[in-house]
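To start, the structure under review is shown below, and the notes come after it.
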Amino acid sequence: MSLVLRLLCAGTLVVCAYLIGLSFSAEEKKKLAALEAMRRLLEYMRLRITVTRTPLNELFRSYNDVFLEKHGFLQALRAGTRDIPCRFSEACALLPLKEDALSELTVLGRGLGTLPLCEQEKQLAVCISALEAQSAEMRQKLPARTKSIKTVSVLFGLLAAIILI
Amino acid sequence: MTDGISTFFRYVPTRIVKALVSLPPDLLRRGNEIRLRRGAPVSLTAGDKNVLFDCSGRVCGADGAICASASELAECVSLVAGGSLYTCDEFVSHGYIPLETGGRAGVCGRALVRDGRITGMSEITSISLRLHRNVPDFAQPLIREYAKNGIRGTIVCSPPAMGKTTFLRSACVLLGEGRGIKRRRVGVADERDEIMAGVSQSGLIDVLSGAPKADAIEMLTRTMSPEILVCDEITAAETEALINAQNAGVCLLASAHAASADTLFRRPHIRRLAECGIFSVVAELSRDGGYKCLLREAEELL
């Protein structure tokens, strides 16, 4: 294999590894976006529940969010005849959420629509603050994390190129 | 108005509905209440009988009877509340949840009390779905009495679930539509949305629902000038409002729980109302082989 060809192959490996790194870091960004979209939804729910006491079905019908629509979350929540806690947990499973966020939302989902106003409000507030804390932490760590993912993937690419070529 | 007990199946978990539909058709047709209790047998009330049944719809004793699990009861509450219990807080604090289909579901459980007042329930452990019957001619004896001797203040009494609300509903329609009597303006203080919920009528009936009875009585008297004011299950809290309404020249038709007409006036607020001349007629209800109404003069009982 000529030197030029080897260099070309090495270059391709590094670029591929970089692209893989990019996609991993995009996933991380998606996780943050999902977290923030859920926080926005919960804020909206808290407002509508406490101020106008809008029923959940009506509330889900009127809510719009590009991210949640794109991932089929709102569609899953609006559709079906099953009760709201079931629909909520099914819809959450469609989102690229981290484990701890998912467990917070699962707890919230179990009581959704089955609690009196003050308890529903309290549960929403607890969940919102937990998601806020998680998203603040993620937002803070995200640049370094995406950078390290890209760096590691490029290094892997280089290593693979050296070993193989 | 509801057609039968099957109207409630949409609020009941599937496993229990499957058992209910397997019950003998005659029993199901006569059923007027389904009651779910957490971890206890589900019952169907048909006439004056409370029936327990197993998963395959066989009538049985407490052993082997189908029980509602905690999750089934929660599902039922969620369905009754349209998936949003918090929208029903005010109603729950009064022991019921209004149904989409008209009528209400009675609820029971652990009450939340603040400043000596029930503000809600932290958990619901029983739910009762009772059918609102429409017996159009039930109040016909009273209407005949009114047609003969003129309209007079009337109190309807019976033990619970004997048809007091059904009687009032019938009286409202007969008076408002002028069936057997001259058409009258009827004002209904329907606090729990029970008397006229889902009734299609073309009479002169003005309904104020959802408001506390005492306030509703005053408001109706002031703003709608009814000839007859109807309210269900009067308590001591409404005594003053009823006396004021009577003094404003409005005839009252109200109901109260009592074992019989003879014991009715042992209740101090009812006695006071009768002594003030608010009630001249007592309509005693019974379910002896159908809906029956016996009219008596209040004077005889005082």
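Here, each number is a calculation from the coordinates, and none is a lab measurement. Predicted, not measured: the structure shown is a model, and the values here were computed from it. Glycine gets a Cβ as well: all are built from the backbone with ideal geometry, and neighbour counts include every protein chain shown.
Would you grab the residues whose amide H sits under 5 Å from the one on B:Gly47? Only those 5+ places off in sequence or on another chain, please, with H modelled 1.01 Å from N.
Hits under the 5 Å cutoff: B:Asn32.
In angstroms, what radius of gyration and Dmax does region B:163-300 have, counting Cα atoms only?
Calculated on Cα positions, Rg and Dmax stand at 14.2, 41 Å.
If you average 1/r over every pair of different alpha-carbon atoms in region A:3-74 and take one over that average, what Kirkwood value in Å do you get?
Roughly 15.4 Å, rounded to one decimal.
For the protein assembly as shown, what is one quarter of the convex hull surface built on the Cα atoms, given in nm²? Could you put the intermediate results ahead of the total?
Numbers: hull surface 124.4 nm².
Mean projected area of the Cα convex hull: 31.1 nm².
How about A:Lys30: which lysines have a C-alpha closer than 23 Å to its C-alpha, ignoring those fewer than 8 places off in the same chain?
A:Lys70, A:Lys98, A:Lys141, A:Lys147, A:Lys150
What length, rounded to one decimal in nm, is gained on full extension from A:Ala79 through to A:Leu7, with 0.36 nm per residue of separation minus their alpha-carbon distance?
Stretched fully, the A:Ala79-A:Leu7 segment lengthens by 20.5 nm.
Can you report the principal axis dimensions of region B:97-178 using only the alpha carbons, biggest first, rounded to whole angstrom?
Principal extents (largest minus smallest coordinate, Cα): 52, 29, 22 Å.
Can you classify region B:147-214 as rounded, prolate or oblate using the Cα gyration tensor, where a ≥ b ≥ c are the square roots of its eigenvalues, rounded means a/c under 1.5, and otherwise it's prolate if a/b beats b/c and oblate if not? Display every interim value, and only then the final one.
Values: a/c = 1.65, a/b = 1.23, b/c = 1.35.
Because a/c hits 1.5 or more and a/b fails to exceed b/c, region B:147-214 counts as oblate.
Would you mind giving the mean number of other chain beta-carbons within 10 Å of the Cβ of each residue in A:111-122, as a whole number?
Numbers: counts 2, 5, 9, 10, 7, 13, 10, 6, 5, 5, 1, 0.
Mean number of neighbouring Cβ atoms from other chains: 6.
Please list 3J(HN,Hα) in residue order for region A:153-158, calculated via the Karplus relation 6.51 cos²θ - 1.76 cosθ + 1.60 where θ = phi - 60°; whole Hz, with x for glycine and proline.
Rounded to whole hertz, the list is 5, 5, 4, 4, x, 5.
Compute the Rg to Rh ratio over region B:34-119 from the alpha carbon atoms, using the Kirkwood formula for Rh, and round to two decimal places.
Using Cα coordinates only, the ratio equals 1.03.
Does region B:1-144 classify as rounded, prolate or oblate by the C-alpha gyration tensor (a ≥ b ≥ c root eigenvalues; a/c under 1.5 gives rounded; else a/b over b/c gives prolate, otherwise oblate)?
oblate
Which semi-axis lengths, in whole Å and largest first, follow from the square roots of five times the eigenvalues of the Cα gyration tensor of chain B?
Each semi-axis is the square root of five times an eigenvalue, giving 35, 22, 18 Å.
Go through B:Lys182/B:Lys292; B:Lys213/B:Lys292; B:Lys49/B:Lys182; B:Lys49/B:Lys164 and tell me which ones have a Cα-Cα distance over 29 Å in this structure.
Listed pairs above 29 Å: B:Lys49/B:Lys182.
With a 10 Å cut-off between alpha carbons and a GNM built on chain A, which of A:Leu142, A:Leu13, A:Leu102 moves the most?
Judging by the Gaussian network model, the answer is A:Leu13.
How high is the FRET efficiency between A:Phe24 and B:Asp26 when r is their beta carbon distance and R₀ equals 56 Å, given to the nearest 0.05?
0.25
If each Cα of region A:8-165 is one equal point scatterer, what is log10 of I(q)/I(0) from the Debye formula at q = 0.11, 0.13, 0.17 Å⁻¹?
-0.53, -0.66, -0.94
Taking the simple approach of a point 7 Å from Cα along Cα-to-Cβ for both B:His94 and A:Arg110, what is their distance in nm?
3.4 nm
Starting from the Cα of A:Thr151, step 7 Å along the direction of its Cβ; do the same at A:Ile165; then give the gap between the two resulting points in nm.
2.4 nm
Determine the distance separating the Cα centre of region A:92-165 from the Cα centre of region A:5-80; give it in Å without decimals.
That distance is 11 Å.
Going from the alpha-carbon gyration tensor of region A:43-90, what semi-axes, largest first and in whole Å, does one get by taking the root of 5 times each eigenvalue?
The answer is 18, 14, 8 Å, longest axis first.
With each pseudo-label sitting 7 Å past Cα toward Cβ, what's the A:Lys141-B:His257 distance in nm, one decimal?
Distance between label points: 5.9 nm.
Using only the alpha carbon atoms of region A:55-130, find the Kirkwood hydrodynamic radius as the inverse mean reciprocal pair distance, in angstroms to one decimal.
About 12.8 Å for region A:55-130.
Quick one: Debye curve from the C-alpha atoms of region B:6-60, no solvent, what's log10 I(q)/I(0) at q = 0.15, 0.17, 0.23 Å⁻¹?
Those come out to -0.34, -0.45, -0.87, one per q.
How long are the semi-axes of the ellipsoid equivalent to region B:230-283, from square roots of 5 times the Cα gyration tensor eigenvalues, in whole Å, largest first?
Value: 17, 11, 11 Å, ordered largest first.
Test of understanding: extend the Cα→C-beta vector of B:Phe9 to 7 Å, then name every residue of region B:50-92 with backbone N under 16 Å from that spot.
Label zone hits: B:56-58.
Over all distinct Cα pairs, what is the inverse of the mean 1/r for region B:104-143, reported as the Kirkwood hydrodynamic radius in Å?
13.1 Å
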